[in-house]
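First the structure, in the form of structure tokens, and then the observations on it.
The values are calculated or read from the model by the stated rules, or taken from the named source; none is laboratory data. Quick caveat, the model's predicted, so the values are computed rather than measured. Please note: Cβ atoms are built from the backbone with ideal geometry, for glycine as well, and neighbour counts cover all protein chains shown. Ligands, DNA and RNA are excluded from the accessible area calculation, which covers all protein heavy atoms including side chains. Shrake-Rupley method; radii C 1.70, N 1.55, O 1.52, S 1.80 Å.
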Amino acid sequence: MKTKNQAKVSMINPDAAGIDIGGSFHFVAVPEDRSTSPVRRFGSFTRDLHDLAKWLKGCHIKTVAMESTGIYWLQLFLVLEEYGFEVFLVNAQHVKNVSGRKTDVLDCQWIQQLHSYGLLSASFQPEDMIRTLRGYMRHRKNLPQAYSTQILHMQKAFEQLNIKLHNVITDITGKSGQLIINAILDGERDPERLASLAVGRVKASKEEIVLSLEGTRKVEPLFELRQSYELNLIYKQKITDCDTQIQKHMEELAGENGTGKCQEIPRRVYSKNRFSFNATPYLADIVGVDLTGIFGISEVCAMEIVSEVGVDMSKWPSERQFTSWLNLCPHNRISGGKLLKNKKKKSKNKAGQAFRMAAFALQRSDHYLGAFYRRMKSKGGALFATKATARKLAVIFYHMVGSQLEFNPISLEEYEKSHADRKLTYLKRQASKLGLELMPAGDS
């Protein structure tokens, strides 16, 4: 009598539950032997979330898996962590729908079944203090976007008034621009008097400024200019208020998780979007190294990255896992030893985007990373070079934070020599395959 050897999947998490997240309600599934109703529906109000956690406690559940649906998962995630559950936040792309008709009840049961057999992996989530910093930084990133929108509206109003101020002054929100705009809104129309308000490093001559200020006196563009300018000032003040809140949180974070190395470190990169305070010492105290020493990484960029990934690099076993999580490496699909496709993975990793922005700023830099960017650009184009350089920056960040090493770059001459040696070695190997031998140009 013949028997078949059937492979059995062992149950790893017998005390597992699955939750299908929604905006108005959540469906929760537990093992069938834990409750007479193994699938229940709960609302999304705060009281409902606590009732959900108490019901899971009564069912003797220890670990819970849920999909990362929009932002609806956040409060339930925090409540379940408060009750002591091990919470797995799962990428929705990793949870395939059960075959057949799709319903919320089937989804939560499918998630519970996958989690009970250990087939789901939890998405990265930073600790609570870093998560708070992430909330502040994401909000601050939105404020300059609204701020710049009002500047565009101001330029549009100037065009309708035929005032070409933005053609002769680079930044109309600078000191000279604000003085001129305030005078226009106060009723001043004489181009000579308006031009005399231009101070500082304005490259245009006074005659050019006078010609640019000879416009019309339409009422509706002036009204739009006033509204946009007032909103611009409001957003500017809100950015300052947000910086104050970030500074308070950084002081608290440095007091709780600091290394005691806080010292007055000057800013290396002065950008228009910089903080209203010097954040470099706080970053050095929390991380243990000065991240702004990396080429292209300003304090705002470093703060964005730290707020997304935290300071514990042990969450990623190696630099490969780290760059893969950042979506800065090829997404190759290989089967049978053949590359099926290397289509770019759709992922909006904010830390990876910050590394890309830093890499893009290096294309004209006079150091080895700038030379690397230009070499990659000649090989595969601007997007290819930006991603490759961003990966290089991410690897530097990983080793600096993980091993507590300061940034120690090689010189441009050393990098060029190393690249030339590798190229020569490659050419010698190719010539050897063809039965040839390379000779110096002067030898006969």
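Here is how the numbers come out for the structure above:
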read-out: Of all residues making up the stretch 293-312, the number that are open to solvent by 10 Å² or more (accessible area, probe 1.4 Å) and not charged (D, E, K, R); value: 7
read-out: Qualifying positions in the stretch 27-78 - in contact with an Asp or Glu (Cβ under 8 Å, 6 or more places away or on another chain) and hydroxyl-bearing (Ser, Thr, Tyr); value: 63
read-out: Hits in the stretch 26-62 (condition: within 16 Å of residue 109 (Cβ to Cβ) and assigned to a strand (DSSP E or B)); value: 26, 27, 28, 29, 39, 40, 41, 42
read-out: Complete set of residues in the stretch 60-76 that are hydroxyl-bearing (Ser, Thr, Tyr) and either open to solvent by 100 Å² or more (accessible area, probe 1.4 Å) or in contact with a Gly (Cβ under 8 Å, 6 or more places away or on another chain) (or both); value: 69, 72
read-out: Selection count, the stretch 141-177, where residues are open to solvent by less than 70 Å² (accessible area, probe 1.4 Å), β-branched (Val, Ile, Thr) and closer than 19 Å to residue 271 by Cα; value: 5
read-out: Residues of the stretch 347-395 satisfying the condition of being outside any helix (DSSP H, G or I) and open to solvent by less than 50 Å² (accessible area, probe 1.4 Å); value: 349, 362, 363, 365, 367, 381
read-out: For residue 296: the one exception among (1) at positive phi; (2) in a helix (DSSP H, G or I); value: (2)
read-out: Count - residues of the stretch 121-140 that are more than 19 Å from the chain's Cα centre (by Cα) and open to solvent by less than 30 Å² (accessible area, probe 1.4 Å); value: 0
read-out: Some residue of the stretch 247-254 being modelled with pLDDT of 90 or more and either surrounded by 19 or more Cβ atoms within 10 Å (Cβ to Cβ) or aromatic (Phe, Trp, Tyr) (or both); value: yes
read-out: Positions within the stretch 143-174 being in a loop (DSSP other than H, G, I, E, B), among the polar types (S, T, N, Q) and under 19 Å from residue 217 (Cβ atoms), in sequence order; value: 162
read-out: Any pair with Cβ under 7 angstrom, 6 or more apart, that starts in the stretch 220-234 at a residue that is within 16 Å of residue 179 (Cα to Cα) and among the polar types (S, T, N, Q) and ends at one that is open to solvent by less than 50 Å² (accessible area, probe 1.4 Å) and not in a helix (DSSP H, G or I); value: 232/173
read-out: Residues of the stretch 116-130 satisfying the condition of being closer than 26 Å to residue 256 by Cα and either outside any helix (DSSP H, G or I) or hydrophobic (A, V, I, L, M, F, W, C) (or both); value: 123, 124, 125, 126, 127, 129, 130
read-out: Contacts under 8 angstrom Cβ, first residue in the stretch 366-389 being farther than 18 Å from residue 323 by Cα, partner among the β-branched types (Val, Ile, Thr) and surrounded by fewer than 16 Cβ atoms within 10 Å (Cβ to Cβ), 6 or more apart; value: 368/410
read-out: In the stretch 73-104, the residues that are out of contact with any strand residue (DSSP E or B) (no Cβ under 8 Å at 6 or more places or on another chain), at pLDDT below 90 and under 18 Å from residue 30 (Cβ atoms); value: 98, 103
read-out: Long-range neighbours under 8 Å by Cβ, at least six apart or interchain, first residue open to solvent by 60 Å² or more (accessible area, probe 1.4 Å) within the stretch 178-193, second among the basic types (Lys, Arg); value: 189/217
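Yes or no, residue by residue, for (1) out of contact with any Gly (no Cβ under 9 Å at 6 or more places or on another chain); (2) within 30 Å of residue 287 (Cβ to Cβ); (3) part of a loop (DSSP other than H, G, I, E, B); (4) in contact (Cβ under 8 Å) with a residue 60 or more places away in the chain:
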position	(1), (2), (3), (4)
132	yes, yes, no, yes
140	yes, yes, no, yes
176	no, no, no, no
203	yes, no, yes, no
